[in-house]
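K.L.:
Dropping the structure in here first, questions after.
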Amino acid sequence: MTIVATGTDTPAATPAGKSIGPLLRAWRERRRVSQLELALRADSSARHISFVETGRSRPSEEMVLRLAEHLDVPVRERNSLLLAAGYAPHYPETPLDDPALDALREGLERLIQCYEPYPALVVDAVYDVVAANRGITMLLDGVPESLLQPPLNAMRLTLHPEGMAPRIRNLGEWRGHLLAQMERQIALHRSEPLRALYEEVAAYPVPEVVDEGAELAGSVPYFALPMRIEHEGRVLSFVSSISTFNTPMDVTVSELAIETFLPADPATAKYLHALGG
């Protein structure tokens, strides 16, 4: 599946009437860091941090970026902090189909194709699929066309009662894992589109799934929670891993995530190699 550009999360706007001080304090409190601790990390003083938060002092552009880094503020939100302080955004937001990202797109395509026959995909900040390999296509067998219209959304495809959900044998566990993952992302990014997606998929009716192989699966020493999904009469087991880019310098790149599915047992690996051979 070729990489496609999707609608990205809207830029985080500066809340009306809010300056850098309240926004910085909100991030500091969210990270449970004291003014003194933040000052020590950023080579500043607790007095200066206090003055910034109360509006008595305007931080330099360099200080805003330094504080944002030590508070692990997402790249998109760092631009919002800069705007609130009266500076221009520091990080560009390049469309994924822009020629400037040719090398990135080609690298991602090569990466997920080389992972075949195992499933792998790339998603954006709201879990819209921007690229997927043939292993993912295999897992989507039987999903109705209505759910396969672009932009594909990984959470909808997985949890919708007409999507993959009826074939996931440990749906309760896997659904709980995905919803908890989204909750962590919402807490980190303050994304309203992501929150709306969470509320949508959390409200889906949960299909009744009978896991006839649960007892046998329980005897397998899995090293992480697997997704156990039926495919053509077989139950395949996968554990997933998510990778992001270190020190991204672009909003779009900072919000991309590569999810790979590793066979959780020898039978799944053998079946996938035979299928792809």
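K.L.:
With charges only on Cβ, +1 for K and R and -1 for D and E, what is the dipole size of the chain about its Cα centre, in debye, rounded to 20?
P.N.:
1100
K.L.:
Right, here's the next one. State the answer as a single residue: which of ALA88, PRO22, VAL52 lies farthest towards the positive end of the charge dipole of the chain, with beta carbon charges of +1 for Lys and Arg and -1 for Asp and Glu, about the Cα centre.
P.N.:
Farthest along the dipole direction, towards plus: VAL52.
K.L.:
Compute the FRET efficiency between ALA187 and HIS48 as 1/(1 + (r/R0)^6), taking r as their Cβ-Cβ distance and R0 = 35 Å, and round to the nearest 0.05.
P.N.:
The pair ALA187/HIS48 has a calculated efficiency of 0.80.
K.L.:
Using a 7 Å offset from the Cα along the Cα-to-Cβ direction at both SER57 and ALA100, what is the distance between the two label points in nm, to one decimal?
P.N.:
Spacing of the two 7 Å Cα→Cβ label points: 3.4 nm.
K.L.:
Farthest toward the dipole's positive end in segment 52-168, which of VAL122, LEU101, LEU67, given Cβ charges of +1 (Lys, Arg) and -1 (Asp, Glu) about the Cα centre?
P.N.:
Ranked along the dipole, the leading option is LEU67.
K.L.:
So what is the calculated 222 nm ellipticity per residue for the chain, using -39500 (n - 2.57) for each DSSP H run with n of 4 or more, over all residues, to the nearest 500 deg cm²/dmol?
P.N.:
-12500 deg cm²/dmol
K.L.:
Once you place label points 7 Å from the Cα toward the Cβ at THR244 and ALA224, how far apart are they in nm?
P.N.:
My value for the distance between the label points is 1.6 nm.
K.L.:
What is the fewest-to-most order of THR137, THR158 by other Cβ atoms lying within 10 Å of their Cβ?
P.N.:
Listed from fewest to most nearby Cβ atoms, that is THR137, THR158.
K.L.:
So how far, in whole Å, is the C-alpha centre of segment 116-169 from the one of segment 84-112?
P.N.:
Cα centres, segment 116-169 to segment 84-112: 24 Å.
K.L.:
What does the extension gain come out to for ALA196 and ARG30, with contour length at 0.36 nm per residue minus their alpha carbon separation? Walk me through the numbers on the way to the answer.
P.N.:
Details: separation 166, 0.36 × 166 = 59.76 nm, distance 2.10 nm.
Gain on extension, ALA196 to ARG30, equals 57.7 nm.
K.L.:
Neighbouring Cβ atoms within 10 Å as the yardstick, rank MET164, MET138 fewest first.
P.N.:
So the ranking, lowest neighbour count to highest, is MET138, MET164.
K.L.:
If you line up the Cα atoms of segment 99-276 on their principal axes, what length do they span on each, largest first, in Å?
P.N.:
For segment 99-276, the Cα extents along the three principal axes come out at 48, 36, 33 Å.
No lab work stands behind these numbers, since they all come straight from the coordinates. None of these values were measured; they are calculated from a predicted model. Note that each Cβ is placed from the backbone with ideal geometry, even for glycine, and that neighbours are counted across all protein chains shown.
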